[in-house]
Amino acid sequence: MSWIYLILPRIFKIGWPLGLKLSQTMPSKILGIIIAVISMSLSGVFLWLAQKTIPTGTAYIVWTGIGAIGTSLDWDSLLW
C-alpha cells in the first residue's frame, strides 16, 4: 500500500507548477492558486504516508523524480 501512496502524489506534485501556471494565464488567479495549494498539501500527505514503511531516502528520490519528469513536460502543448 505504501508504494501506492508514493505513486499517487505524482498527480499532485505535477499540480503545483500547473496550478501556478494557470494562476498566471487565467482571468481568475485564485483558482490556479487554490489548485497549487491543494496539490502541495495532498502531495506532502501521501509522501508522509509512504514514508511510514518505505525508507525516507527511497521515498524521496522516487517522489522527486516523478515530479521532475512531470514538471519538465511541455504542458502548454498538452493542455492547449
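What follows draws every value from the coordinates through simple rules; no lab data is involved. All values derive from a computational prediction rather than experimental measurement. Methodologically, a virtual Cβ is constructed for each residue, glycine included, from the backbone with ideal geometry; neighbour enumeration extends over all protein chains shown.
Remarks
- Extension gain (nm, one decimal) between T53 and I34, 0.36 nm per residue minus Cα-Cα: 3.8 nm
- Dividing the mean sequence gap of close Cα pairs (under 8 Å, 6+ apart) by how many residues the chain holds gives a relative contact order of 38 percent.
- Order by protection proxy (mean Cβ within 10 Å, highest first), peptides 38-50, 18-30, 58-70: 38-50, 58-70, 18-30
- For K21, the lysines whose Cα comes closer than 26 Å to its Cα, not counting residues fewer than 8 places off in the same chain, are K13, K29.
- Cα gyration tensor, the stretch 2-74 - rounded (a/c under 1.5), prolate or oblate: prolate
- Computed over the chain, the per-residue total of -39500 (n - 2.57) for DSSP H runs of n ≥ 4 gives a 222 nm mean residue ellipticity of -26500 deg cm²/dmol, rounded to 500.
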